[in-house]
Amino acid sequence: MTFTALVLELQSEDVECLSEALLEAGALSVTCEDAQAGTAAEAPFFDEPGEAASWPRVKLTALCRVQHDPEQLFLRACDAAGVAVPDHKLLSIPDEDWVAKSREQFGPIRVSTRLWIVPTWHVPPQPDAINLVLDPGLAFGSGSHPSTRLCLQWLERSVAVGDTVLDYGCGSGILAIAALKLGARRAVGVDIDPDAVAAARTNARRNSVEGEFLESRAPLTLTADVVVANILANPLKLLAPMLASRCRNGGRIALSGLLSDQASEVEKCYAPWIAFAPAAESEGWVCLSGVRL
């Protein structure tokens, strides 16, 4: 099957309505990026909500089936969105094995001397290591991001046999799964996204561990030996009293998903409860860790 990519630039305020109209009209997918990417005017992207709206101009790409007449599809979408038809181009996308092509981008990731992340389609490079079998998917946490690797390295140093672990903002469940493979007796993952919770449960079964995964609206009564939260700076600040209360006195806590210039503000929010060690940093991302007072 041959596909066509519809490519255009538009003002950020028109992105949401046109994207929805394109999908309603039959586009298979719509992706957005900073139209100034690769130039001195590029705006950094940190996966914060509403990020696309902060770009002055947005490059939008819609993938369409050729049979659906992409030009007419585009005209219908512009009319439905109330957007004047902008300059655009149509690019032919040849038929390929997209599953195989995407898999080529993801190989095993060595986290430490004994901890690896291995996609299901790969043979573990080090069979006697602690191998986390995980495929890239809908939920955040494939191990490719520096903050995830920082948390995994911290867990390797911090989890003792028999510990209870809370992974708040668990995404794919990678941190809870790693904690169980490192010897934790119990690991509970919590996420606001039901799809992430479902993905985490699937990944736990794939790794032959019995993690518990809950949506954030569910009651949480666990007081853990180890608490880890790899989310973003603003949620971490808002959650400080709750996360501190879920860590027992003398327990260990790690907070990540932070850029280096965000760390001090987050640390201040936890200072009444946590004695922090020096932060770990990788590629501009930081992991704060300490002991519950």
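Laboratory data are not the source of any read-out in this text; all were calculated from the coordinates shown. Just so we're clear, the structure is a prediction, and the values are computed from it rather than from any experiment. Cβ atoms come from the backbone with ideal geometry, glycine included; neighbour counts cover every protein chain shown.
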Just to check your reading of the model, which residue among S208, S216 is without any contact (Cβ under 8 Å) to a residue 12 or more places away in the chain and farther than 24 Å from G284 by Cα?
S208
Hits in the stretch 258-293 - residues which are touching a strand residue (DSSP E or B) at 6+ places or on another chain (Cβ under 7 Å) and assigned to a loop (DSSP other than H, G, I, E, B)
W273, A277, A279, G284, L293
Taking the stretch 145-197 as the search range and keeping residues that are in contact with a Phe, Trp or Tyr (Cβ under 6 Å, 6 or more places away or on another chain) and part of a helix (DSSP H, G or I), which one is surrounded by the fewest Cβ atoms within 10 Å (Cβ to Cβ)?
P146
Among residues of the stretch 237-293 being hydroxyl-bearing (S, T, Y) and closer than 18 Å to V159 by Cβ, the residue surrounded by the fewest Cβ atoms within 10 Å (Cβ to Cβ) is S289
